[in-house]
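Participant: Pasting in a structure now, in structure tokens, and then I'll have a few things to ask.
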Amino acid sequence: MDNTTRTELRKKAINTRITALNMVNRAQSGHIGGSFSVADILTVLYHKVMNVDPQNPRWVGRDRLVMSKGHCTPALYAVLAQRGFFPEAELATFRETTSRLSGHAEMNVPGVDMSTGSLGQGLSAACGMALAGKLDNADYYVYSIHGDGELQEGMIWEAAMTAAKYQLDNLVAIIDDNKLQLDGPTAEVMPLYSLEDKFTAFGWHVITCDGHDLEALDAALMEAKGVKGKPVAIIAETVKGKGVSFMENNVHWHGNVPSAEEYEKALLELQAQLQEVEG
Amino acid sequence: MAEKIATRAAYGKALLELAKENDNIVVIDADLCACTKTDLFAAEFPERYLNLGIAESNMVGVAAGLATCGKVAVANSFAMFSAGRAFEQIRNSVAYPNLNVKIIGTHAGLSVGKDGATHQCLEDIGLLRTVPNMTVICPADAVETYQAFRAAVEHEGPVYLRLGRLAVETVNDTEDYRFELGKGILKKPGSDVTIVTTGLMLQEALAAREELLADGIEARIVHIPTIKPLDEEIIVQAAKETGLIITAEEHNILGGLGSAVAEVLAEKCPVPMRRIGTNDVFGKSGEPHELMAEYGLNKDNIVKVVREEYAKKTA
């Protein structure tokens with residue numbers, strides 16, 4: 001990755017966090033912590049890796065993304081608008097009665113390939129898309145993004161078996177492994193033990209990387225494209241609330257809304273990061 | 001009497017035939033292809049057949065993903081597991097985004113027989129008719145199943161097709177029979193009482209009508225293969241013209257056809273009515289016909305109920 005690309009992606013990722021913060025602050029509801037942990041993953045996917053056409057969001061040959069952790073729409077919608085799927089001004093209507101930008105991801109929003117929100121269902125849908133790609137001899141890739149807590153849903157492992165059985169090497173599941181869920185650390189609520197061992201045992205190719213290192217994410221996604229005969233799981237090690245000091249690794253920010261003072265403080269931190277990148 | 005055919009068997013043949021016309025049909029099963037009769041399709045079109053093992057929730061989710069890519073995804077299991085276990089997946093991954101998925105529920109109702117209560121789904125019509133965007137069909141015989149499945153495939157959007165295990169008499173094998181989505185069928189005329197049926201209770205109602213004629217009671221038979229969207233007009237007209245409605249279904253009296261009809265009558269044309277179905281109880285193991293008799297889902301009970309209600313009407 002060259003310097004210009006790296007700088008551009010970093011700016012986009014920080015801007016995504018600023019936009020997500022503004023969306024949640026304005027709506028006075030929404031999920032900041034998981035949106036911040038997934039922001040870098042979405043940035044690399046939509047601005048570097050995925051083959052999409054914002055002018056033709058339902059183009060049949062496009063790469064597809066299933067945002068299985070469907071509550072992280074502040075990040076997803078911010079990135080989709082940034083990529084040009086719909087006007088950024090519309091983000092100000094997030095979670096409003098008259099808006100199409102509702103709390104969880106919906107297919108009526110340009111760029112959203114699958115409606116999600118009920119955890120655990122997205123990997124199955126992604127398998128369906130990948131199977132359709134195989135049936136049609138299409139060369140698109142299907143990406144799905146899951147929270148680590150979401151992997152407690154049994155349906156995920158039903159889908160994991162499906163992907164291995166049908167050798168869905170056009171499917172890449174990315175785990176936003178931020179180690180926290182609504183009620184606390186995943187290790188306390190319901191331990192997942194080794195995700196690498198689990199996915200390997202289910203017949204997947206597993207790649208682990210730093211989920212906030214844009215180059216590492218890019219490299220992992222490139223490696224995934226080279227894997228043949230197996231689906232790929234990327235365990236992206238992330239920090240919930242990444243980017244704002246007092247939100248990082250704090251489960252309070254799963255679904256809570258900042259006070260006016262907290263909002264200002266968070267915004268200043270993110271703006272300072274942006275200035276630093278811009279030099 | 002014509003050969004008895006299970007609706008699931010008729011479905012299996014219809015599926016194979018339609019798959020020859022439509023390359024987009026993809027069939028998904030959960031380790032029950034010999035029972036759901038998708039084995040015929042699987043043998044002919046192995047590349048379009050996916051057996052996803054004993055995992056119905058995933059089956060429905062995969063169907064949703066296939067549908068987003070333009071496939072007509074047909075997901076099969078026993079009603080208990082397709083409509084029951086995967087209910088939330090149907091609601092959120094299929095019906096909410098209004099995807100073109102056909103959910104097939106075979107082995108519905110008491111007539112499953114000896115497998116008993118865990119496999120006798122008596123709640124599926126109630127579950128799925130409350131889900132927006134969903135169409136719910138429960139055919140009576142082979143002819144109706146064939147036409148209904150064709151209509152389900154032609155319809156763009158989610159459909160639940162409820163089928164039975166038991167071989168049943170074919171009663172719709174007439175020249176003029178046409179299945180139309182959302183339309184009820186005036187099967188027999190009559191002005192004294194209307195028996196509204198769905199599924200295999202049509203056959204029982206037709207037999208009951210013959211017996212009631214001997215009493216001088218002329219029962220209209222209105223058959224409802226599509227429970228949602230419901231043909232309200234044919235029900236309201238029957239209420240106006242006969243003044244007494246009896247519903248008959250192989251389903252809990254709560255939530256199914258009887259409830260749907262009661263809702264229409266209460267709002268549009270209140271007349272006396274009674275629901276025949278299972279009375280908020282579970283089934284059990286047994287010979288299908290013995291179970292149907294014990295739970296009141298047969299000709300004899302329809303005759304008894306009609307006589308009782310007709311006596312009140314004419315008192």
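The values are calculated or read from the model by the stated rules, or taken from the named source; none is laboratory data. Quick caveat, the model's predicted, so the values are computed rather than measured. Methodologically, a virtual Cβ is constructed for each residue, glycine included, from the backbone with ideal geometry; neighbour enumeration extends over all protein chains shown.
Participant: Under 6 Å by Cβ, and 6 or more places apart or on different chains, what pairs join a residue from the stretch B:269-296 that is assigned by TED's automatic domain parsing to the domain that holds B:Ala239 and within 17 Å of B:Val196 (Cα to Cα) with one that is assigned to a loop (DSSP other than H, G, I, E, B) and aromatic (Phe, Trp, Tyr)?
Facilitator: Going by the 6 Å Cβ cut-off, the qualifying pairs are B:Thr278/B:Tyr295.
Participant: For the stretch B:89-139, give me each residue that is of a type in the set (Ser, Thr, Tyr) and either within 30 Å of A:Gly70 (Cα to Cα) or in contact with a Lys or Arg (Cβ under 9 Å, 6 or more places away or on another chain) (or both).
Facilitator: B:Ser93, B:Tyr96, B:Thr106, B:Ser111, B:Thr130, B:Thr135, listed by residue number.
Participant: Within the set of pairs 6+ apart or on separate chains, which have a first residue in the stretch B:85-100 that is more than 9 Å from chain A (Cβ to nearest Cβ), a second that is β-branched (Val, Ile, Thr) and crowded, with 24+ Cβ neighbours inside 10 Å, and C-beta atoms under 7 Å apart?
Facilitator: From the stretch B:85-100, the pairs are B:Ala86/B:Val60; B:Ile90/B:Val60; B:Ile90/B:Ile103; B:Val94/B:Val60; B:Val94/B:Val101.
Participant: So A:Val109 ticks every box in (1) free of Cβ contacts under 8 Å to residues at least 40 places away in the same chain; (2) under 20 Å from A:Phe36 (Cα atoms); (3) among the hydrophobic types (A, V, I, L, M, F, W, C) but one. Which box is left unticked?
Facilitator: So the condition that A:Val109 fails would be (2).
Per-residue answers, yes or no, for (1) of a type in the set (Val, Ile, Thr); (2) assigned to a helix (DSSP H, G or I); (3) over 19 Å from A:His104 (Cβ atoms):
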site: A:Thr4; (1), (2), (3): yes, yes, yes
site: A:Glu8; (1), (2), (3): no, yes, yes
site: A:Lys11; (1), (2), (3): no, yes, yes
site: A:Thr16; (1), (2), (3): yes, yes, no
site: A:Ala20; (1), (2), (3): no, yes, no
site: A:Val24; (1), (2), (3): yes, yes, no
site: A:Gly34; (1), (2), (3): no, yes, no
site: A:Asp40; (1), (2), (3): no, yes, yes
site: A:Thr43; (1), (2), (3): yes, yes, yes
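Participant: Could you go through the stretch B:140-154 and let me know if any residue there is under 14 Å from the mean Cα position of the chain (by Cα) and assigned to a loop (DSSP other than H, G, I, E, B).
Facilitator: yes
Participant: When you look at A:Leu91, is it crowded, with 19+ Cβ neighbours inside 10 Å, without any contact (Cβ under 8 Å) to a residue 60 or more places away in the chain, part of a helix (DSSP H, G or I) and away from every other protein chain (no Cβ under 14 Å), yes or no?
Facilitator: no
Participant: Out of B:Thr170, B:Thr226, B:Thr242, I need the residue that is over 24 Å from B:Ala152 (Cβ atoms) and either buried (at least 21 other Cβ atoms within 10 Å of the Cβ) or touching a strand residue (DSSP E or B) at 6+ places or on another chain (Cβ under 9 Å) (or both). Which one?
Facilitator: Sole residue among the options that is over 24 Å from B:Ala152 (Cβ atoms) and either buried (at least 21 other Cβ atoms within 10 Å of the Cβ) or touching a strand residue (DSSP E or B) at 6+ places or on another chain (Cβ under 9 Å) (or both): B:Thr242.
Participant: One residue is enough: does the stretch A:131-153 have a residue meeting the conditions more than 13 Å from every other protein chain (Cβ to nearest Cβ), aliphatic (A, V, I, L, M) and either out of contact with any Cys (no Cβ under 6 Å at 6 or more places or on another chain) or more than 22 Å from A:Val44 (Cα to Cα) (or both)?
Facilitator: Yes, the conditions are met somewhere in the stretch A:131-153.
Participant: Right, here's the next one. So, in the stretch A:37-71, exactly how many residues are more than 24 Å from A:Met222 (Cβ to Cβ) and away from every other protein chain (no Cβ under 14 Å)?
Facilitator: Within the stretch A:37-71, residues that are more than 24 Å from A:Met222 (Cβ to Cβ) and away from every other protein chain (no Cβ under 14 Å) number 2.
Participant: Right, something else. Cβ-Cβ below 6 Å, separation at least six or inter-chain, first residue in the stretch B:241-260 and more than 22 Å from B:Glu290 (Cα to Cα) and not assigned by TED's automatic domain parsing to the domain that holds B:Lys284, second modelled with pLDDT under 95 and aliphatic (A, V, I, L, M): which pairs?
Facilitator: none
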